[in-house]
Amino acid sequence: MNNTSQNKPRITAEEYFSISPETNCSTELIGGEIVALASPSVQHQEIAGGLFAELRQFIRKNGGSCKPFIAPMDVRLDQWNVVQPDVFVTCKPDSLTEYYLDGAPDLVIEVVSTNHSDDFDRKLLLYRTSGVREYWIADPKNRKTLVYFFEQTDFPDIYTFETPIPVGIYGGAFSIRIADLLS
């Protein structure tokens, strides 16, 4: 019998949440299948932590209902998909449960590490179809960030790490230079 993903047993988000504390490693549920996540590199953590700090500082200074989060925190996109974006912002605090965000964040940022195809392919499609408004893919190897504004176009804007990236969910009221986050 051929063991393809088509005949593997799928689990739901509810089942995933009931067993995920037992795994003792970072995982996501993609299409009903549990996917293990690799430990991030130092550079990955510098970028993700810096992005979170910049977003948090802007939100605190300007108020509003939006809240930033950093991995590991679960986001239940639907019955078959639970992800842990590196950084995300939700402007719907009523969607927060005690342990996870139930629904699509407004902004998702993934920092590419060993999961290159996940961020550029699988998660791109998943975030686009689940209602994420803005998706950044920061690629340290190529020192570029692809920014998708799903409400406006299907094509990304591409920024070097040295170029300020306007945060679209805030209408470009502030921008972040990823090069400034690296030591």
- On full extension of the chain, what length is gained from Val35 through Asp154, given 0.36 nm per residue of separation minus the C-alpha to C-alpha distance? 40.2 nm
- Using per-residue counts of other Cβ atoms within 10 Å, averaged over each peptide, order 160-167, 121-128 from highest down. 121-128, 160-167
- Rounding to the nearest 20 debye, state how big the charge dipole of the chain is about its Cα centre with +1 on each Lys and Arg Cβ and -1 on each Asp and Glu Cβ. 320
- Task: Hey, could you get me the Stokes-Einstein D for the chain, Kirkwood radius over alpha-carbon pairs, 25 °C and 0.890 mPa s, rounded to whole µm² s⁻¹?
- Result: 145
- Task: Any chance you could give the angle, 0 to 90 degrees and rounded to 10, that helix 13-23 forms with the longest Cα principal axis of the chain?
- Result: 90
- Quick one: Cα centre-to-centre distance for the range 22-100 and the range 120-150, in angstrom? 14
- Selection from Ala71, Phe149, Phe174, by position along the positive dipole direction of the range 39-181 (Cβ): Phe174
- To the nearest 10 degrees, how steep is helix 42-62 against the longest Cα principal axis of the chain, on a 0 to 90 scale? 60
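Where a number appears in this text, it was derived from the coordinates with a stated rule and is not lab data. This one's a predicted model, so the numbers in the text were calculated from it and none came from an experiment. Glycine gets a Cβ as well: all are built from the backbone with ideal geometry, and neighbour counts include every protein chain shown.
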